[in-house]
Structures are given as C-alpha cells and as structure tokens.
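The following block contains the structure, expressed as structure tokens.
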Amino acid sequence: MPNSRLPEWLEKRYGILWNAFKDRDFTREELIKVLREKSGDDERTAGVIISELNKGGWLKIKLDPNDARKRLYRLEDMFSLDRFIKTTSKLTRDDVKNLLKRAADLIRTRVDYKFILILLFLKRISDKWELEYEKAYKEALEDGLSEEEAKEEAKSSVYHDFDLPEEFLWDNIRKDVNRLPEKLSQALKAIGERNPELKDVVDRADFIQFTTNTENSEILRQLVELFSSRKLHHVSADILGDAYEWILGYFAPQKAKEGEVYTPREVIKLLVEILDPKPKESVYDPACGSGGMLIIAHKHVEEKFGKEEARKLFLFGEEANQTTYALCKMNVFIHDIRDVDVRNGDTLIYPKFREGETLKQFDVVVANPPWNQDGYPEEVLKKGEFWRQRFKYGFPPKQSADWAWIQHMLASAKDDKGRVGVVIDNGCLFRGGKEKTIRSKILEDDLIECVILLPEKLFYNTGAPGAIIILNKNKPPERKNKILFINASQEYEKHPDVRKLNRLGKENIKNIVEAYQGKLTDGFARLIPLDEIRNNDYNLNVTLYVFPQEEIEEIDVKKEWSDLKTIENEIKSVENKIEGFLKVVGING
C-alpha cells in the first residue's frame, strides 16, 4: 500500500476493497459483505467508509443502468489519484461558516449547542496535531532518523500545541460508529489528563449520557460526519475564532430565554475602543463569560500594533459558571491565544487573582457582570477575601450587586493609571438607598469619567437600554471634577439577523468613541461639573444632562410669504377662468 493521505483505518478498508474488486463496478451490498467478512464492519460503518472514500476522490458513484433506484461503485487507483487529494486546501471564512450553519440546522433547538463547540475544538486540535506530526516527521527524516524512529519522534508532545493520544485522533475516534459516544468521552478525558490547561474544560461533556436518547445518537453521528468532511488544520485562527463566535451569537436568543447572558460583540468593541489597551498592559475581566472581552482586547492590540505586540498583552479572567468557563477556555484557544489566565470561581466571594496578601491590580478592567444580581448583601460579601479593600465605599442591597461589581473592578485597577469599563443596568445610575451612598462616595473621589446611555434592544436577554460607566484613576486635567455624559440612545441600526433587535454599527461606534475623545455635540455629549450632579442628588441618569435635540426646520419667512401670495394669485386666476366659462354657458356665478 503506497504512502497516502488517507487515515490508517480508512486505508486498510480501501486495501480490502481493492483486493476484492480492483477497478470493476460493485454494489453496496457487495461492499458491505466484503467489509463484514474481512474487518467486521457493520452496515452503518460501511456507509461512513463509502462517504469518506467518495469525498477523498477514491470512489466513484454512478446510477445502475439496469435499475435507476440503485447505485454502482468503482474504486480509483490510489497511484493515479494521489495528486488530487485536497486535504491541504484552505477553507475560507464562508466555508467554515456554512459548515457550522449546517451543524446548527442539524441540532436546531433539540440539542445543546455546546456539543457543536466541543466537536469543533476537538476536530481542530486533532487536525492540527496531524499537521504538526507530518512536519516533525519530515524534519526527523532529514536529521537522519529511520522511518520508525522518525514516526516515534514526531509523536513527542514537544512538537505539538496539545498532547493527544494517537488512538484518540479524530479519524481514529470516528471509525467505529457504534462506539462514537464512548470513544469521544474517553478521548476528552484523556486529553484533559494530558493537558493541564484543558482539565475540566473538554472533559466535561458527557457524550454517553447525551446519546441515551436514540435521536441524539443519530444527531451525533451526523455531526461527526459533517465535521469529518473538511480538514481544519489550515484554517486561520481568525476564521475559526469568528466561526466559534458565530455559534455563540447564533444561539444567543434561544439561550437568553434560559438565563444565559451573551454580550453583543459590537458593545464589547465600543468598550475596548474607549479603554484602548496597549502592548505590555494587563486586561482583566472578572465576569468573563465566553471570553469576548479578552479576545476583542487582544484583537484591538493586534490591529493597532501587530501580532507580535499583541502577544505582549496580558489577559486575565474569572468565571463562576463551570460550563461557561470551559467555553471561554476553548474560545481563547480556538483564537490561538495561549497567553491567557482564566480561572473558575465566584469573583465577589473568592477573587482568584492576588499578589501576596493583597488583591492583584491591572491596567484595564472590563466586564459585563450579571445585572441586578441578588444574594450579595453585606453579610455575604464580608465572608469573601479582601472585602475591606474591595468594598470600602459600602455594601449594596441584597437585590442588586451592581455596585459590588463596580467596586471590585475599581479595586482591581492599578492605583496610578487603572482604567475601568463596565456594562451595567441603567437603574444603578439613579437608584437611591445604599446604591446612592456608594455612588456619591465614588463621585466625590472623582473616579467616574464618563457615563454612556446605550440604545434599547441591544441585548438578547433584555430590551432595557443598559449603560456603560468608565472609571479612571488618572483622569485628564480637563475632566477633573467633571463627568462626560453621552446620550447614545439613537446610535443604532436594525439587527440584520434577529428581528426586534438593534445593534451598534461601525459608524455608531465611531461617533461614540469620538465623543469620548472630546468631540462634544449638543444633544449628544456634554461635560457636566460635579456641583451640578451634587445638586441632582448624585443622580447619573444621562437624560438629566443630555437629551437628543429634535431637528427644527428653519423657515424662510420672506420666501414662504412670497410662495403663499403666488398660490393665492394662481387660485384667483383659476376662479376668474371658471367664472368666464359659466357665463358662456348661461350660468351666473
């Protein structure tokens, strides 16, 4: 058997079939009989083999001339067809997106979309392992090793991003269709054990439990076959990362009904543009969800300074939900971001980042924490670590932890130059009681730089507009004892995919960022002195200070009067003509 690009298990079946049929036509029944006798494969596995050989160009299929309901098969000679194998062809952004659209259509709402993301991640790292293996194998041969020595050398973990057992590479998992759930579960468990950064990430999916339902078992088989249709090792991290994000966004409306929060990427883009992280700075998200804030911060630096400089950005995140934490870890790896420290924990009680016996501080702190989260009154927060350092302005009411999150973020920002951006419920800007007490103290310390009112219907889980608060421990001189208010309630466009939703377009983001940077416009952005805010009882409701101005049509009185007189003269002329016509026919007016 010549050295080819077929996986070993499929190459073996090709050999069996070639020995049985050579280059003559044969039926599906004949193929199944040979595979059952020679390799013990059942009918379902035979279907997979037919599909794979056909996709690879090794098997031609045509209609039976004697019975149009049946098909005939013929193998292609491996020696003459090797040059046509397309395993190294690069997939485009649309190719990958279409692949995931088909996966999404396959599961619809019946299956948790997270299984798509896990399969995508596993297929990516498996395909990439094979590419890394091929490269290491060739280099080992060039270094003088024998073929067997080169094969063993190329398997070493030093040549691979992730340490994968060869038996659990994608093609080895899927060759036994009847044991797919078991093999997938075993593979993910083994990968988690051999890669500490993937522990409790990929190994959380229980495919065995998932496929106790017969319908789910068939869906899994079809998903695996779908992902098997294309290789993902040559797909760029940007394209694959965008595909991962597309799945998160595609299912966001459905998952919002179940309580999951997904921050629209345009909102994150706006926040990151304002905070403007730079190389060698640190970015921290204490409620990092699926990792969007950290990933877009990395992209921001990459776009402005290049890939090498983006590697100098230090990313940190914490997420309480174990499943969402796993999605975040896979998301950053899919985006090929390895220098990131994401941890699982309840930030308000157990902040995971410390320096010695104090809370770790960062250059940029950014988050969209759970809005109006209940269950964090004073007695609970005092059980947490560093509570004196974090909640020095006071404790929030039990029914809303908004100002607990803001205080934690403020305490996590560097004292000399820390910048904070938080997406938060609009109500925290003006509610009274304990929240007003905290708000007034932070205002008196001159830490709030900007408040932005967002448009309504941006978020999947609420129609409320939401707000962005920018806090700065090093406010520019011209903004000392002042707050910049931006009323961006009209800065939106209709969402292209989700009816009843709006989104921030590129021009909307540009307008808001320019206003933050100093382009002030009446009815859109104003700098308000702290005294005025004191007089309003520390109310930060944006509409108190900036309200969109209605366009007033300018009227040229002289021209309008002239036009009116012209119309009157025209009417008079018409009346005279009609009166003349009536006289002609003998009717008096």
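The values are calculated or read from the model by the stated rules, or taken from the named source; none is laboratory data. Because the structure is a prediction, the values reported are computed rather than measured. All Cβ positions, glycine included, derive from the backbone under ideal geometry; neighbour counts span all protein chains shown.
Just wondering, is there one or more residues in region 518-537 that are modelled with pLDDT of 95 or more and hydroxyl-bearing (Ser, Thr, Tyr)?
No, that holds for no residue.
Residues in region 35-70 that are more than 42 Å from the chain's Cα centre (by Cα) and either at pLDDT 85 or above or at positive phi (or both): how many? Show your work before the answer.
Applying the first criterion (more than 42 Å from the chain's Cα centre (by Cα)) to region 35-70 yields 35-40, 62-70.
Within this subset, residues satisfying the condition of being either at pLDDT 85 or above or at positive phi (or both) are 35-40.
Matching residues across region 35-70 total 6.
Restricting the search to region 523-546, which residues are among the hydroxyl-bearing types (Ser, Thr, Tyr) and assigned to a strand (DSSP E or B)?
none
Ok, one more. So which residues in region 423-435 are part of a helix (DSSP H, G or I), within 28 Å of Tyr262 (Cα to Cα) and among the charged types (D, E, K, R)?
Matches in region 423-435: Glu435 only.
Can you work out which of the residues in region 140-172 that are aliphatic (A, V, I, L, M) and touching a residue at least 24 places away in the same chain (Cβ under 8 Å) is farthest from Gln209 (Cα to Cα)?
So, considering only residues that are aliphatic (A, V, I, L, M) and touching a residue at least 24 places away in the same chain (Cβ under 8 Å), the one farthest from Gln209 (Cα to Cα) is Leu164.
If you don't mind, another one. Quick one: how many residues across region 131-180 are hydrophobic (A, V, I, L, M, F, W, C) and out of contact with any Asp or Glu (no Cβ under 9 Å at 6 or more places or on another chain)?
So the first thing to find is which residues in region 131-180 are hydrophobic (A, V, I, L, M, F, W, C), and the list is 131, 136, 140-141, 145, 150, 154, 158, 162, 164, 168-170, 173, 177, 180.
After this cut, where a residue has to be out of contact with any Asp or Glu (no Cβ under 9 Å at 6 or more places or on another chain) as well, the list is 131, 158, 164, 168, 180.
Selection size over region 131-180: 5.
Regarding Leu17, is this residue within 24 Å of Glu134 (Cβ to Cβ), part of a helix (DSSP H, G or I) and modelled with pLDDT of 80 or more?
Numbers: within 24 Å of Glu134 (Cβ to Cβ): no; part of a helix (DSSP H, G or I): yes; modelled with pLDDT of 80 or more: yes.
It is false that Leu17 is within 24 Å of Glu134 (Cβ to Cβ), part of a helix (DSSP H, G or I) and modelled with pLDDT of 80 or more.
In the set Arg479, Arg499, Arg439, which member is crowded, with 22+ Cβ neighbours inside 10 Å, assigned by TED's automatic domain parsing to the domain that holds Asp402, on the phi < 0 side of the Ramachandran plot and not hydrophobic (A, V, I, L, M, F, W, C)?
Working: Arg479 fails: crowded, with 22+ Cβ neighbours inside 10 Å; Arg499 fails: crowded, with 22+ Cβ neighbours inside 10 Å.
The unique qualifying residue is Arg439.
Could I ask something else about it? Does region 491-501 contain at least one residue that is more than 30 Å from Lys417 (Cβ to Cβ), touching a His at 6+ places or on another chain (Cβ under 6 Å), not basic (Lys, Arg) and not in a helix (DSSP H, G or I)? Don't jump to the end; show me each part of the working.
Let us first name the residues in region 491-501 that are more than 30 Å from Lys417 (Cβ to Cβ), namely 492-501.
The next check asks that each one be touching a His at 6+ places or on another chain (Cβ under 6 Å); those that pass are 501.
Add one more test, that the residue is not basic (Lys, Arg), and what stays is 501.
Next cut, not in a helix (DSSP H, G or I) only: 501.
Yes, region 491-501 contains a residue that is more than 30 Å from Lys417 (Cβ to Cβ), touching a His at 6+ places or on another chain (Cβ under 6 Å), not basic (Lys, Arg) and not in a helix (DSSP H, G or I).
Restricting to region 340-383, count the residues that are surrounded by fewer than 19 Cβ atoms within 10 Å (Cβ to Cβ) and touching a Leu at 6+ places or on another chain (Cβ under 6 Å).
Here the count works out to 0.
Still on this structure, I have one more. Does Glu260 satisfy the condition of being of a type in the set (Asp, Glu), modelled with pLDDT under 95 and closer than 23 Å to Asp346 by Cα?
Working: of a type in the set (Asp, Glu): yes; modelled with pLDDT under 95: yes; closer than 23 Å to Asp346 by Cα: yes.
Yes, satisfied.
For residues that are small (Gly, Ala, Ser) and in contact with a helix residue (DSSP H, G or I) (Cβ under 7 Å, 6 or more places away or on another chain), scanning just region 336-395, find the one that is farthest from Thr324 (Cα to Cα).
Gly394
Filter region 71-80 for residues that are within 14 Å of Phe21 (Cα to Cα) and either of a type in the set (A, V, I, L, M, F, W, C) or modelled with pLDDT of 85 or more (or both) and give the result.
Answer for region 71-80, where residues must be within 14 Å of Phe21 (Cα to Cα) and either of a type in the set (A, V, I, L, M, F, W, C) or modelled with pLDDT of 85 or more (or both): Leu72, Tyr73, Arg74, Leu75, Met78.
Yes or no, residue by residue, for (1) buried (at least 18 other Cβ atoms within 10 Å of the Cβ); (2) out of contact with any strand residue (DSSP E or B) (no Cβ under 6 Å at 6 or more places or on another chain); (3) of a type in the set (Asp, Glu):
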position: Asn426; (1), (2), (3): yes, no, no
position: Phe430; (1), (2), (3): yes, yes, no
position: Asp446; (1), (2), (3): no, yes, yes
position: Ala464; (1), (2), (3): no, yes, no
position: Asn472; (1), (2), (3): yes, no, no
position: Asn487; (1), (2), (3): yes, no, no
position: His495; (1), (2), (3): no, no, no
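Ok, one more. Among the residues that make up region 245-261, is at least one of them hydroxyl-bearing (Ser, Thr, Tyr), in contact with a Leu (Cβ under 9 Å, 6 or more places away or on another chain), surrounded by 22 or more Cβ atoms within 10 Å (Cβ to Cβ) and within 23 Å of Leu458 (Cβ to Cβ)?
Taking every residue of region 245-261 in turn, none turns out to be hydroxyl-bearing (Ser, Thr, Tyr), in contact with a Leu (Cβ under 9 Å, 6 or more places away or on another chain), surrounded by 22 or more Cβ atoms within 10 Å (Cβ to Cβ) and within 23 Å of Leu458 (Cβ to Cβ).
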